[in-house]
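The values are calculated or read from the model by the stated rules, or taken from the named source; none is laboratory data. Model, not experiment: these values are computed from the prediction. Every residue, glycine among them, receives a Cβ derived from its backbone with ideal geometry; neighbour counts consider all protein chains shown. Protein only, heavy atoms only, side chains kept; ligands, DNA and RNA dropped before computing areas. Shrake-Rupley method; radii C 1.70, N 1.55, O 1.52, S 1.80 Å.
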Amino acid sequence: MLDQQFIKTDRQKVFLEKASELAEQFSERADYYDREALFPFQNFHDLKKAGFLKLSIPEKYGGDNLSLYEFVLIQEKLAQGDGATALSLGWHLGILMNIRETEKWDEKTHARISREIIQFDKLLNSAASEPNGGSPARGGKPETTAKRSGDKWIINGKKIFTSLAPALDYFLITATIEDTGEVGEFIIPKESRGLSIEETWNTLGMRGTRSDDLILENVELELEAMTGLKMKPSKGASPQGWLLHIPACYLGIAIAARNFAVEFAKKHQPNSLNHPIKDLPEVRRKIANMDLSLLTARHLLYGTAEKWDTAPNERNKLGAELAAAKTVATNTAVEVVDQAMRVVGGQSIFNSLPLQRYYRDVRAGLHNPPADEITFGILADQAFSEGKGK
């Protein structure tokens, strides 16, 4: 499937060409990392070498000031090579984009971390989910605690779904401050005493993200490790455009499945036919339906990203569109991979073919934020709050 229709600048073309080269390399290793449930260290070595870790860092610190539209373009392409690698990179780049746009970190901290990423290829990700805390996106309060002790913070707790756990240099965590009950946000270096990783990630899909558990036992931090207080979720909470890296990733996986099915249909010719199955009306219908679904989802995704980039003052109005883009994209990805497997037939479940991996990986998108019911709630609230309709 061609990407030319979504390329609008020379810079985007350069980014996409680099991502395409990386995706080809990733595809050769994807089966191994998935089968063994290993973190794709070689893929991240290649990403570091290509300068991808600094893409969303502000230009004033030496980064590329990646736009959301460019982010979506890159993520979708990388995921065609390996979804787990793309999703993992997306968390790192997305969090940096969010910090850049919200200016939630003070200048000193932002400059220091940016410098370390550029010079030493440091990786970071947030660790917010907990076993009993519910989804942070729904306002779950962390059971992880932060206690002030003189000029130090003492952190205790457990985090789950910590993607990139084996490779992270910094863990961005939330913790309830014991004295005030407020929720603080903290940066924890991987070498901190009392920090450990419990290898629990044994999953159906996205196995290479190694989203293991983070254990924090009397971790001692400097006071400046707290970057701020987390605001309580509210209906008026600011939309987060960076989360579009999630649907971009799953659409990329679906495109890979579609491409596989098309190539298979061109070549596969059972002895009961005198032509390849691409000429069968039902196969043609399924392929056309996949392309129609992908085209629809991609236009919504890219259109929403473009709105985010071109109208910063209107971002507070994009919550419903961002949620809709994610829901449409992830559900489309599931449907497209299913259709691709129907085209290929019984061979689609062979472990020797990538379709079974695509099938497992896309299902994880249904559980990334926002969940479908959250999107439906947002859209319903919007509909019933309108005066005279659209």
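How would you order 340-346, 179-185 from highest to lowest mean count of nearby Cβ atoms within 10 Å?
340-346, 179-185
Please state, as a whole number in µm²/s, the translational diffusion coefficient that the Stokes-Einstein equation yields for the range 30-182 at 20 °C and 1.002 mPa s, with Rh defined as the Kirkwood radius across alpha carbon pairs.
D = 127 µm²/s.
Students often forget the sequence filter, so: which lysines lie under 19 Å Cα-Cα from Lys267 once same-chain residues fewer than 8 apart are removed?
Lys278, Lys286
Can you give the FRET efficiency to the nearest 0.05 for His367 and Arg115, using r as the Cβ-Cβ distance and R₀ = 25 Å?
0.10
Counting each DSSP H run of 4 or more residues in the chain as -39500 (n - 2.57), what helix-only mean residue ellipticity at 222 nm follows after dividing by all residues, to the nearest 500 deg cm²/dmol?
Roughly -16000 deg cm²/dmol at 222 nm, from the helical runs in the chain.
Extent of the range 269-390 along each principal axis, from alpha carbon coordinates, in Å, largest to smallest?
62, 28, 27
Over every pair of different alpha-carbon atoms in the chain, take the mean of 1/r and invert it; report that Kirkwood radius in Å.
After inverting the mean inverse Cα-Cα distance, the result is 21.9 Å.
Could you give the nm distance between label points at Lys13 and Ala320, where each point is 7 Å from its Cα heading toward the beta carbon?
3.8 nm
Quick one: pull the percent of accessible area on the chain belonging to carbon and sulfur, 1.4 Å probe, ligands and nucleic acids left out.
Looking at the chain in its full context, I get 51 percent from C and S.
Would you rank Leu93, Leu243 by solvent-accessible area, highest first, keeping every protein chain in place and using a 1.4 Å probe?
Heavy-atom accessible area, descending, gives Leu243, Leu93.
Given a Förster distance of 22 angstrom, what is the FRET efficiency for Phe384 paired with Met231, based on the Cβ-Cβ distance and rounded to 0.05? Provide the component values of the computation, followed by the final result.
On the way: r = 26 Å, r/R0 = 1.17.
After rounding, the FRET efficiency stands at 0.30.
Helix 10-36 sits at what angle to the longest principal axis of the chain, using alpha carbons and giving 0 to 90 degrees rounded to 10?
90 degrees
At 1.4 Å probe radius, can you tell me the per residue accessible area of the chain in Å²?
48 Å²
Could you tell me what percent of the DSSP beta bridges with both partners in the range 42-175 are antiparallel, to the nearest 5?
60 percent
With every protein chain in place, what's the accessible area of Val337 (1.4 Å probe, Å², nearest 10)?
Rounded to the nearest 10, the figure is 0 Å².
With respect to the cross-link table entries Lys159/Lys326; Lys18/Lys108; Lys122/Lys147; Lys48/Lys190; Lys108/Lys158, which display a Cα-Cα separation exceeding 30 Å?
Lys18/Lys108
Would you kindly state how much longer the chain becomes between Phe376 and Leu280 on full extension, computed as 0.36 nm times their sequence separation minus their alpha carbon distance, in nm to one decimal?
Answer, rounded to one decimal: 30.8 nm.
Might you work out the accessible area of Arg148 for me, using a 1.4 Å probe with all protein chains in place, and round it to the nearest 10 Å²?
Answer for Arg148: close to 120 Å² accessible.
Would you mind pulling out the separation of the Cα centroids of the range 4-20 and the range 84-149, in Å?
28 Å
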